[in-house]
1. Would you point out which residue out of His230, His257 is in a loop (DSSP other than H, G, I, E, B) and either touching a strand residue (DSSP E or B) at 6+ places or on another chain (Cβ under 8 Å) or touching a residue at least 60 places away in the same chain (Cβ under 8 Å) (or both)?
2. Which members of the stretch 437-460 meet the condition of being assigned to a loop (DSSP other than H, G, I, E, B) and among the hydrophobic types (A, V, I, L, M, F, W, C)?
3. Any idea which residue in the stretch 235-292 is modelled with the lowest pLDDT, counting only those that are β-branched (Val, Ile, Thr) and within 25 Å of Val391 (Cβ to Cβ)?
4. Any idea which of (1) modelled with pLDDT of 85 or more; (2) assigned to a helix (DSSP H, G or I); (3) under 27 Å from the mean Cα position of the chain (by Cα) is the one Leu39 doesn't satisfy?
5. Pull up the stretch 267-308, narrow it to residues that are closer than 17 Å to Lys324 by Cβ and among the hydrophobic types (A, V, I, L, M, F, W, C), then point me to the one that is surrounded by the fewest Cβ atoms within 10 Å (Cβ to Cβ).
6. Could you tell me whether any residue of the stretch 210-226 is in a loop (DSSP other than H, G, I, E, B) and farther than 30 Å from Glu86 by Cα?
7. Consider Lys54 carefully, then state whether it is of a type in the set (Lys, Arg) and either exposed (fewer than 14 other Cβ atoms within 10 Å of the Cβ) or in contact with an Asp or Glu (Cβ under 7 Å, 6 or more places away or on another chain) (or both).
8. Is it the case, given these coordinates, that Thr421 is within 22 Å of the chain's Cα centre (by Cα) and among the hydroxyl-bearing types (Ser, Thr, Tyr)?
Amino acid sequence: MSGEEWKAVKEQVEAIATEVVAWGRTTDVIYSLLQQKLLTEANMAHLMSLNTKKEQVRQLVALLAASGSGSSSSSSLRSFLGVLQEQGMENLVKCLDPDGNHSPEPLSQDPSAFSGLRVTPFQHHLQQWAGGASNITTLPGHPNFTFPNPGQDITNNNENDNLNANTPMDTHTASPSSSASPRTPLKISVVPCREIGGKHFLRNEVYNNESEPRGYVFLANYKNFLDEQHETRSGSEIDVQNLCQLFSQMGYKPSYHINMTKWETIQALRDFRNMKEHSNVDSCIVVFMSHGRDDTSFYTSDNHYLTVHNVVERFNNRECPILKGKPKIFIFQFCRGVGPDIGVDAANVSHVKSKGNSNGLDVETDSSTFGSTVPERDPTYTDMYIVYSTVGGFVSFRHPESGSWLVEAICEVFMKDACDTELEHLMKKVSRRVRANFSTEGNKQACEFVQRAFDRHFFFNPKPLPSL
């Protein structure tokens, strides 16, 4: 084969760049081609160093065309078109290959295509992370679910990596070697609701959450890291077990993934988002737990990183229309800075007066015509409630025997009070519990909540699924 196929594609490079950038898929395309070995690590580093996304795509096409000349031209073009199609850009594929000579088969619409999201531990392909079945136990009453035993690691038995609050925070989540009082592992037992919450509000003031299941849960935990560049997150496996049991008993269907690479995370998250089953449920929960890189990003197990935006944007109304109008809850457990919160002296305050909503900032525009003639549209980001384990600039604490402070507090509050309490009030109780904790060094932690047009009351209405 000659390079004529790529010549035709190169002539449309500007259209390709515009489309890929408009879809917000530049990084996904690059990583997918790297996984298929059509790019090298050096190629990827060069592309990611370029100033604009469009330039990254232009250079990507040039690299593929140069490396795909000769006998590999047809196969490399087919792979490139396959990646574009996988990312949802089927119209672009048709424009580049109108006769379908090099296009892959259409993507399956069969929900079984997402069968990889069963509730089973993610087994990493690297040998040092391969775990055995002896590390996995079956949860009583949940014959199809498997969770790690408390104190056990699904993928690697490492008993010498407990952290303390003095560990450098640029790469480690703080984990006190002991606490001020003995910490007993939680026993998850959710109180079911007796009636659907929010009946005293107007119907359009409450998110519907009555489907069975209530929704699906995506949970990613990064405990071990390649070449031990970051400390093992001892105790994080307890968070996985507690959250899976909590949401299962509340009527959700959880899937959890352990020690994924960046690309594996992107793929798994995309597959979860694209599940057609979301059309039949009322809500969605996404949880990420790892070491923090800075206040907006966290590490994956191959020591690359993802940002909070990388996660949240995949569920906005443009990228995930199937969940438009449905509540989407995100929980991020990772350090957001390098220093512990040493706290300040407490003052005796009988009450605090505040104006407006304490969960976000009220903003206005001085334009007298803003929005007056624009057709009715919804914002891109709506119905999102984002939970951070700590505020920007500070570390998060995790106990090696009972898990992280945030997850422990969420489980304690939700299993007792979600039966009749809406999310906002639940999170205030969670905040008070986290705030009351302190490490052996006296350090504190305050969680943070961000609402993106989460403008209705939300009740979990916990109820075990009939099959459970």
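The values are calculated or read from the model by the stated rules, or taken from the named source; none is laboratory data. Here the structure is a predicted model, which is why all the values come from computation and not from measurement. Here Cβ is always computed from backbone atoms with ideal geometry, including for glycine, and neighbour counts include all displayed protein chains.
1. On the way: His257 fails: in a loop (DSSP other than H, G, I, E, B).
Exactly one residue qualifies, and that residue is His230.
2. Residues of the stretch 437-460 that are assigned to a loop (DSSP other than H, G, I, E, B), as a first pass: 437-438, 440-443, 445-447, 453-456, 458-460.
Passing the criteria: Phe438, Ala446, Cys447, Ala453, Phe454, Phe458, Phe459, Phe460.
3. Step one: filter the stretch 235-292 for residues β-branched (Val, Ile, Thr), giving 238, 240, 258, 261, 265-266, 281, 285-287.
If we keep only those that are within 25 Å of Val391 (Cβ to Cβ) as well, we get 238, 240, 265, 285-287.
Numbers: Ile238: 89, Val240: 93, Thr265: 94, Ile285: 97, Val286: 97, Val287: 97.
Filtering the stretch 235-292 for residues that are β-branched (Val, Ile, Thr) and within 25 Å of Val391 (Cβ to Cβ), the one modelled with the lowest pLDDT comes out as Ile238.
4. Every condition holds for Leu39 apart from (2).
5. Of all residues in the stretch 267-308, those closer than 17 Å to Lys324 by Cβ come to 272-286.
If we keep only those that are among the hydrophobic types (A, V, I, L, M, F, W, C) as well, we get 272, 275, 281, 284-286.
Working: Phe272: 23, Met275: 20, Val281: 22, Cys284: 26, Ile285: 22, Val286: 23.
In this case the residue turns out to be Met275.
6. So in the stretch 210-226, the residues in a loop (DSSP other than H, G, I, E, B) come out as 210-214, 222-225.
Applying the additional criterion that residues be farther than 30 Å from Glu86 by Cα yields 210.
Yes, the stretch 210-226 contains at least one residue that is in a loop (DSSP other than H, G, I, E, B) and farther than 30 Å from Glu86 by Cα.
7. Details: of a type in the set (Lys, Arg): yes; either exposed (fewer than 14 other Cβ atoms within 10 Å of the Cβ) or in contact with an Asp or Glu (Cβ under 7 Å, 6 or more places away or on another chain) (or both): no.
Considered against the rule, which asks whether it is of a type in the set (Lys, Arg) and either exposed (fewer than 14 other Cβ atoms within 10 Å of the Cβ) or in contact with an Asp or Glu (Cβ under 7 Å, 6 or more places away or on another chain) (or both), Lys54 comes out as no.
8. Working: within 22 Å of the chain's Cα centre (by Cα): no; among the hydroxyl-bearing types (Ser, Thr, Tyr): yes.
Answer is no for this residue.
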